[in-house]
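Got a structure for you, questions after.
The values are calculated or read from the model by the stated rules, or taken from the named source; none is laboratory data. Keep in mind that what you see is a predicted model, and the values were worked out from it rather than measured. Using ideal geometry, Cβ is built from the backbone for each residue, glycine included, and neighbour counts are taken over all protein chains shown. Surface accessibility is based on the protein's heavy atoms, side chains included, excluding ligands, DNA and RNA. Shrake-Rupley method; radii C 1.70, N 1.55, O 1.52, S 1.80 Å.
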Amino acid sequence: MKPLKIAFVTPTFVTEPNSGGMGAYLHRLTKALRDLGHQPEVLTLSREMPGPIEFEDIRVERVSPSRAIPLGLLRRLARLSSAIDISDVAERVAGALGLACAFNRRNQENAFDVLQTADYGLPGLFIKRHPRRLHLVRCSWAADLFIKADGNLNKLDSRLYCRLDRRCIRRADLAYAPSHFVANYYREAHGLDLQVLRPPVMLETEIATHLPWELPERYLMYFGAICPRKGTDVLAAALPLVWRQEPGFSMVWAGEAWHRALDTYRALWGEHAARVMWLGLIPKPQVYGVLRRADAVVIPSRVDNLPNTLIESLLLKVPVIGSFGASIDEVIEPGVSGELVPIGQPAALADALLRVWRREVPWRAGQFPLPDVIHEMEPRVATENFLRLAGHAANRPWPSSAA
């Protein structure tokens, strides 16, 4: 069997700053495909000098939107977005046009068997279907559901973005999501039939052993975006309830804070604000170094899609206190690998935090079995499932390894 040529067209990748969960997922999948003898390539938006680079024996082409779009069109987009506030969509459209031009050029040089785009960022918006090429869309989120959770769905910019997002999904040969939560939402809300395919997971880098901070002796951890969809406001409201009974309770937070959210939280916490140590955005080795010392990780998301924070915590044998009904419950086994609480209820979350702090739970960090679903995410298993799903969609079998 000849190697499959697989293109991943994406708004971000690990070669770029702050690539997030999407970049991490693509890094894992392309590495696993490479190890099986296939030929993955990545085309990503970038602020760096455009052109191809080699990254871990994978060709990555950096694309600059402004170089791919006529100056007149850019000016018209800028005027339109300024007049009616569609700046985010205009930026995404510009990026999608740049990626489509770059993909078409590369496809003429090296015809691809499979193309995968994401829904997030609209990278496949202008790439046309081809009868001899399978087009997959991986749904990294449910745009209208996630944007609504952040309180932004009423904006024209957001509504237009959501329509284009669903257009990308409908035009693909097959769409899939990492979680049943997102797949079920698209099916029930929009009549879109999504498959569920678990992502490959691994620790991406070494674990830092020497950290530049003096961490609390004991702490729970939150890491990721500080925003409503992630439920950090619920966690912020739960902490004063915890401190009433356990004034020494400590947390360490790391990530990116949106819209000065931390200032609001610290005002709520008052004299206990110093009990939450804020590290900001830190390199992944340091994230792992802080994470592995935590008693537990808190993931109180309102909506989510099998977040990397969840998987990375479990791989380091750190239990998770998560919300029930936002995809975290597809992995966490209550009383074994963590606890689940109702979405958006600070009192219930505070109760779980207190039980962990008082060691009134049956599990301990480093001393619990991994959930069964994690085994579906072992790199080789997840990649074979990816190829099996693609082969089924293309109506022909594709062995996992290239001969």
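Only one of these conditions is not met by Asp329: (1) closer than 18 Å to Ala238 by Cα; (2) in contact with a strand residue (DSSP E or B) (Cβ under 8 Å, 6 or more places away or on another chain); (3) in a helix (DSSP H, G or I). Which number is it?
(1)
For region 373-387, check the following and say yes or no: at least one residue is open to solvent by less than 60 Å² (accessible area, probe 1.4 Å), touching a Leu at 6+ places or on another chain (Cβ under 8 Å), under 25 Å from Gly231 (Cα atoms) and not acidic (Asp, Glu).
So far as region 373-387 goes, yes, one or more of its residues are open to solvent by less than 60 Å² (accessible area, probe 1.4 Å), touching a Leu at 6+ places or on another chain (Cβ under 8 Å), under 25 Å from Gly231 (Cα atoms) and not acidic (Asp, Glu).
Additional query: Regarding region 314-325, can at least one residue be identified that is farther than 25 Å from Gln245 by Cβ and open to solvent by less than 10 Å² (accessible area, probe 1.4 Å)?
yes
Give region 261-284 a look and list any residue that's open to solvent by 30 Å² or more (accessible area, probe 1.4 Å) and farther than 18 Å from Leu220 by Cβ, or say none.
Answer for region 261-284, where residues must be open to solvent by 30 Å² or more (accessible area, probe 1.4 Å) and farther than 18 Å from Leu220 by Cβ: Asp263, Thr264, Ala267, Gly270, Glu271, Leu281, Pro283, Lys284.
Okay, next question. Sort through Ala326, Ala273, Ala257 and tell me the only one that's free of Cβ contacts under 8 Å to residues at least 40 places away in the same chain and in contact with a helix residue (DSSP H, G or I) (Cβ under 7 Å, 6 or more places away or on another chain).
Ala273
Could I ask something else about it? For region 339-376, enumerate the residues that are among the small types (Gly, Ala, Ser), at pLDDT 95 or above and assigned to a loop (DSSP other than H, G, I, E, B).
Residue satisfying the conditions is Gly344 alone.
Consider Val234 carefully, then state whether it is in contact with a Gly (Cβ under 7 Å, 6 or more places away or on another chain), touching a residue at least 24 places away in the same chain (Cβ under 8 Å) and either open to solvent by less than 30 Å² (accessible area, probe 1.4 Å) or within 30 Å of His392 (Cα to Cα) (or both).
yes
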